[in-house]
């Protein structure tokens, strides 16, 4: 999330609201707040997991909330050492992001382009921008700070820009990592009934031009869907994943978080991807998904296992009879 204007480090410390240890030579100002996967120079971020300490310290983040004091601070950074980096990060988020109850179905700040049709019972939140010649069917909810391009169709009961399902487990509860990102939908996109596209936790969930979604599709936070991607019914893309242009992901297929899916990948129905797909123009099938021709061979082998078992058992019996 970009701040409307740069914030002095002193103001960030005031938002945290308790004494902290500081290490480093970044003097500010702070220009945004982001998670590790989307930080740029000038951002404040946080880290509280051994797995990510080094990656965060080497990232573009200028200010890092961290719960480990015995680390070397890279040049050009400021480390804020605190017992609970996540809660202090959330204190900064809450200073800028508030839930504002809405008294009308279409917020007065919403901008709706010429020729766009808004059907009854649609909810449109604060600072939403919708382009020209769109059709938004009944019972669609479009949360605050969503941008929608031209010639977009969104079918009934879909939700655009809802909060991410992003929680940190604590001994006594789950702590919600509150969303301060937004959602972008390009031109000529069609979204089916009862789809859910979550806003970014700190960045943008992006749907490229020409994408087509069937019903009941889920797109997670901070995910980037390229141009002309087709998503079949009940398919799901987890958070922080990059699906490149012209992919086809068929019904009930899913892609795990933090992955890259190369251009023109085809993922057959009922398949699941759990690692990066770096080679373009592949067709994948299975759980975990592999090359479709290899998977068909595996299925044939599996189908013949019972016959193979019987043949081996008969051969074993014959060998034993010769002893």
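The values are calculated or read from the model by the stated rules, or taken from the named source; none is laboratory data. Fair warning: this is a prediction, and the values are worked out from it, not measured in the lab. Note that we place each Cβ from the backbone using ideal geometry, even for glycine, and neighbour counts take in every protein chain shown.
Is it the case that region 20-30 has a residue that's under 22 Å from residue 177 (Cβ atoms), outside any loop (DSSP other than H, G, I, E, B) and either within 26 Å of the chain's Cα centre (by Cα) or not assigned by TED's automatic domain parsing to the domain that holds residue 200 (or both)?
Yes, because at least one residue in region 20-30 is under 22 Å from residue 177 (Cβ atoms), outside any loop (DSSP other than H, G, I, E, B) and either within 26 Å of the chain's Cα centre (by Cα) or not assigned by TED's automatic domain parsing to the domain that holds residue 200 (or both).
So, in region 170-186, of the ones that are touching a strand residue (DSSP E or B) at 6+ places or on another chain (Cβ under 8 Å) and surrounded by fewer than 18 Cβ atoms within 10 Å (Cβ to Cβ), which residue ends up nearest to residue 93 (Cα to Cα)? Before the answer, list the steps.
If we filter region 170-186 for residues that are touching a strand residue (DSSP E or B) at 6+ places or on another chain (Cβ under 8 Å), which is where we start, we get 174-177, 179-186.
Remaining after also requiring surrounded by fewer than 18 Cβ atoms within 10 Å (Cβ to Cβ): 174-176.
Working: 174: 18, 175: 14, 176: 12 Å.
Only one residue fits best here, namely 176.
For region 239-249, the set of residues classified as surrounded by 19 or more Cβ atoms within 10 Å (Cβ to Cβ) and in contact with a strand residue (DSSP E or B) (Cβ under 7 Å, 6 or more places away or on another chain) consists of 241, 243, 244, 247, 249, listed by residue number. The C-beta contact set for region 182-196 (first residue at positive phi, second residue assigned to a loop (DSSP other than H, G, I, E, B), distance under 7 angstrom, 6+ apart or interchain) comprises 188/151; 188/209; 188/210; 194/157; 194/158; 194/215; 194/216. Would you confirm whether or not region 285-302 contains a residue that is over 18 Å from residue 189 (Cα atoms), modelled with pLDDT of 95 or more, crowded, with 18+ Cβ neighbours inside 10 Å and under 20 Å from the mean Cα position of the chain (by Cα)? No, because not a single residue in region 285-302 is over 18 Å from residue 189 (Cα atoms), modelled with pLDDT of 95 or more, crowded, with 18+ Cβ neighbours inside 10 Å and under 20 Å from the mean Cα position of the chain (by Cα).
Of the residues 258, 222, which is at positive phi, surrounded by 20 or more Cβ atoms within 10 Å (Cβ to Cβ) and under 13 Å from the mean Cα position of the chain (by Cα)? Explain how you work it out, then say what you get.
Values: 258 fails: surrounded by 20 or more Cβ atoms within 10 Å (Cβ to Cβ).
From the options 258, 222, the qualifying one is 222.
Could you tell me whether any residue of region 275-287 is assigned to a helix (DSSP H, G or I), touching a strand residue (DSSP E or B) at 6+ places or on another chain (Cβ under 8 Å) and under 28 Å from residue 244 (Cα atoms)? The answer is no, given that none of the residues of region 275-287 is assigned to a helix (DSSP H, G or I), touching a strand residue (DSSP E or B) at 6+ places or on another chain (Cβ under 8 Å) and under 28 Å from residue 244 (Cα atoms). Might you check whether a residue that is in contact with a strand residue (DSSP E or B) (Cβ under 6 Å, 6 or more places away or on another chain) and over 30 Å from residue 142 (Cα atoms) occurs anywhere in region 94-105? For region 94-105, residues in contact with a strand residue (DSSP E or B) (Cβ under 6 Å, 6 or more places away or on another chain) and over 30 Å from residue 142 (Cα atoms): absent.
Of everything in region 261-276 that is out of contact with any helix residue (DSSP H, G or I) (no Cβ under 9 Å at 6 or more places or on another chain) and under 17 Å from residue 228 (Cβ atoms), the residue that is surrounded by the most Cβ atoms within 10 Å (Cβ to Cβ) is 267. For region 58-115, the tally of residues that are within 22 Å of the chain's Cα centre (by Cα), in a loop (DSSP other than H, G, I, E, B) and surrounded by fewer than 18 Cβ atoms within 10 Å (Cβ to Cβ) stands at 4.
Results for (1) within 18 Å of residue 187 (Cβ to Cβ); (2) free of Cβ contacts under 8 Å to residues at least 60 places away in the same chain; (3) in a strand (DSSP E or B); (4) touching a helix residue (DSSP H, G or I) at 6+ places or on another chain (Cβ under 7 Å), shown as yes or no for each residue.
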site: 132; (1), (2), (3), (4): yes, yes, no, no
site: 147; (1), (2), (3), (4): yes, yes, yes, no
site: 151; (1), (2), (3), (4): yes, yes, no, no
site: 156; (1), (2), (3), (4): no, yes, no, no
site: 160; (1), (2), (3), (4): yes, yes, yes, no
site: 168; (1), (2), (3), (4): no, no, yes, yes
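If the condition is being in contact with a helix residue (DSSP H, G or I) (Cβ under 9 Å, 6 or more places away or on another chain), surrounded by 13 or more Cβ atoms within 10 Å (Cβ to Cβ) and either within 16 Å of residue 67 (Cβ to Cβ) or free of Cβ contacts under 8 Å to residues at least 12 places away in the same chain (or both), then region 12-34 contributes 16, 20, 22.
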